[in-house]
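Peer 1: The structure follows.
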Amino acid sequence: MSKVALSKAESLRQSILAQVAEYYQEVHADRPFIPGKTRVQYAGRVYNAKEMQLMADAVLDFWLTAGPYAEKFEKKLGGFLGAREVVPVNSGSSANLVAITTLCSKQLRHPLRPGDEVIVPAASFPTTVNPIIQNRLTPVFVDSCMGDYNLDPAQLQAALSPRTRAVMFAHTLGNPGDMEAIMTFVRENKLYLIEDTCDALGSRWDGKRLGTFGDLATLSFYPAHHITLGEGGAVYTRSPRLAKIARAVRDWGRDCWCGYENPTDGKCGIRHQREVPGMPGFYDHRYFYTEIGYNLKLTDPQAAMGLAQLDKVEEFIARRKRNFRYLYEGLKQFEEFLHLPSWHAKADPSWFAMPLVVRDEAPFQRHHMTRFLEEHLVETRPLFAGNLLKQPGYQGVECRVIGDLPIADKILRGAFFVGVYPGLDIPQLDYMIETFGNFLANF
Ligand SMILES: Cc1ncc(COP(=O)(O)O)c(C=O)c1O
């Protein structure tokens, strides 16, 4: 402690934060794993006292909306991603909505317009596709590849029409799509590319981070994801112009560029003495609206938690990769019954989870296996929506469909995933492998 006496407020803050750490240790610190008694989660929050202390610190500041912590989080995340611009939002779904809405902006020379087509895989997370529909664009559904469950680049040419303007897809469970083939198609046809990297923080293709190939990319910070803010997400891009529009879409549609910690007179210092083109007299540019926007901002306590998570992100990624490798090796013996995932030679996935597909020839169905695993406390999840077109919400949606989507149907029928998240260690992975073995011993 410095020789200068702490103010009463500061010493109270320090004692609260010390107690928060003590509380973490008492209530939240890791509990031992007991096979068959402790649930083996498919994903979950991984945190220590630091997250709780930074959140508590933000609560004591009582800024509440996005403020100083959000600004720090934005910068630190940008540094990690190698992205010039980061626009934090309140979920990955919001990030996708902001990304697509940004590309529809009248401020762009070539905006997406109603009826323009966006190519997407039918086997998608719902809110990767929904913003296309919500912006009155037309999704063109293509199939996925067996093994990596990503958009099948072989179908792109067949999906192309004079109205095609963009490709949007998620790198499935962190496994990169074939960026060589996709980028060739996107460049040759002068299309926008939006990469949903919600499940792929830290994944690379040929050494380059996913999310840096397209015009815009998105992240989710829901607790299942690589880092968490509780709820949260981000749009990122190398383009300051797209980022400015994305911020306006996020912030009610307003054109303001003042940032979070703006003084009363704005960063410009002349907020109340500026002339804004087309508006009467001197006009406060914080109330100047250039987009049909939303309010999709996050809050400062969330961002504070994100800062602590970013300190751990490299370790998280390393553990996800380690867990994936270990589980993959352990499950290889069951390939007679299960398709194990595959990945491209240039892919370096930062895995979200381990996707598995029950073979059509297997003497059991997916639900037999997942029910057994769940009964033995190994959590499973379907591979999101399977074939979106088979979901009731998508009936009657204006779209084009390329081919019969056999792989999307196979995903709907036979795919599920289990965890590789950093909260799992070797004893949990061994227990998972043993539980798969116990089920398959019956056949
Ligand atoms: C690929 C993908 N995109 C988007 C989302 C939506 O993110 P959020 O739950 O933060 O809205 C998810 C959520 O898990 C996802 O997996």
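The numbers here are math on the coordinates, done by the rules we state, and not lab data. Bear in mind that the values here come from a model prediction, so they are computed numbers and not experimental data. Positions of Cβ are generated from backbone atoms using ideal geometry, with glycine treated the same way; all protein chains shown enter the neighbour counts.
Peer 1: Past 22 Å, Cα to Cα, is the threshold; run LYS208/LYS297; LYS76/LYS312; LYS75/LYS208 against it and keep the listed order.
Peer 2: LYS208/LYS297
Peer 1: Return the subset of LYS321/LYS390; LYS346/LYS410; LYS321/LYS410 for which the Cα-Cα distance in this structure is over 31 Å, preserving the input order.
Peer 2: As for pairs spanning more than 31 Å Cα to Cα, those are LYS321/LYS390.
Peer 1: GLU188 to VAL27: FRET efficiency via 1/(1 + (r/R0)^6), r the Cβ-Cβ distance, R0 51 Å, to the nearest 0.05?
Peer 2: Between GLU188 and VAL27 the formula returns 0.35.
Peer 1: Right, something else. Please state the charge dipole magnitude for the chain, taken about the Cα centre, from unit charges on C-beta atoms (+1 on K and R, -1 on D and E), reported in debye and rounded to the nearest 20.
Peer 2: Charge dipole of the chain: 1040 debye, to the nearest 20.
Peer 1: Which one, GLN395, GLN155, GLN134, has the greatest fluctuation when you compute a Gaussian network model over the chain with C-alpha springs under 10 angstrom?
Peer 2: GLN395
Peer 1: Continuing with this model, one more query. Roughly speaking, what is the stretch gain from ILE270 to ARG413, that is 0.36 nm per residue apart minus the C-alpha to C-alpha distance, in nm to one decimal?
Peer 2: 45.4 nm
Peer 1: May I pose another question? Read phi for every residue in segment 78-86 and hand back ³J(HN,Hα) as whole Hz from Karplus 6.51 cos²θ - 1.76 cosθ + 1.60, θ = phi - 60°, with x for Gly and Pro.
Peer 2: The phi angles translate into x, x, 5, 6, x, 10, 5, 10, 10 Hz.
Peer 1: Suppose every K and R has +1 on its Cβ and every D and E has -1 on its Cβ; what is the size of the dipole of segment 247-399 about the Cα centre, in Debye to the nearest 20?
Peer 2: Rounded to the nearest 20 debye, it is 140 debye.
Peer 1: From the square roots a ≥ b ≥ c of the eigenvalues of the alpha-carbon gyration tensor of the chain, which class results: rounded (a/c under 1.5), prolate (a/b over b/c), or oblate?
Peer 2: oblate
Peer 1: Moving on. Can you give the Rg and Dmax of segment 59-310 based on its C-alpha atoms, in angstrom?
Peer 2: 18.5, 62
Peer 1: Now, a different point. Projecting each Cα onto the charge dipole of segment 260-419 (Lys/Arg +1, Asp/Glu -1 at the beta carbon, about the Cα centre), which of GLN309, VAL397, ALA347 comes out farthest on the positive side?
Peer 2: It is ALA347, whose Cα lies furthest towards the positive end.
Peer 1: Here is a follow-up. What is the antiparallel percent of DSSP beta bridges lying wholly in the chain, to the nearest 5?
Peer 2: 60
Peer 1: Once you've got the GNM for the chain with C-alpha springs shorter than 10 Å, pick whichever of THR228, THR264, THR172 has the biggest mean-square fluctuation.
Peer 2: The residue with the greatest mean-square fluctuation here is THR264.
Peer 1: What distance in nm separates the simple spin-label points at PHE80 and ILE34, each placed 7 Å from Cα in the Cβ direction?
Peer 2: 3.4
Peer 1: Once you have a ≥ b ≥ c as the square roots of the Cα gyration tensor eigenvalues for segment 299-443, tell me rounded if a/c is under 1.5, and otherwise prolate or oblate according to whether a/b is larger than b/c.
Peer 2: The shape class here is oblate.
Peer 1: Using Cα positions and a limit of under 13 Å, work out the aspartates and glutamates in reach of LYS332, with same-chain residues fewer than 8 apart set aside.
Peer 2: GLU434
Peer 1: Right, here's the next one. Modelled label-to-label distance, SER15 and SER239, 7 Å Cα→beta-carbon offset: nm?
Peer 2: 5.5
Peer 1: Let me ask another. So if each residue of separation counts as 0.36 nm, and I subtract the Cα-Cα distance between GLU375 and GLN395, what length gain in nm does that give?
Peer 2: Difference between extended and current length: 3.8 nm.
Peer 1: Here's something else I'd like to know. Could you work out which residue, out of MET183, MET354, MET168, moves most in a Gaussian network model of the chain, that is, has the largest mean-square fluctuation with Cα springs under 10 Å?
Peer 2: MET183
Peer 1: For a test of the definition: using alpha carbon positions, the gyration tensor, and the 1.5 limit on a/c, classify segment 132-271 as rounded, prolate or oblate.
Peer 2: Verdict is prolate for segment 132-271.
Peer 1: First select every other residue whose beta carbon is under 14 angstrom from the beta carbon of GLY92; then total the charges, Lys and Arg +1, Asp and Glu -1.
Peer 2: Neighbourhood net charge equals -3.
Peer 1: What is the distance in Å between the Cα centroid of segment 123-158 and that of segment 28-103?
Peer 2: Between the Cα centre of segment 123-158 and that of segment 28-103, the gap is 27 Å.
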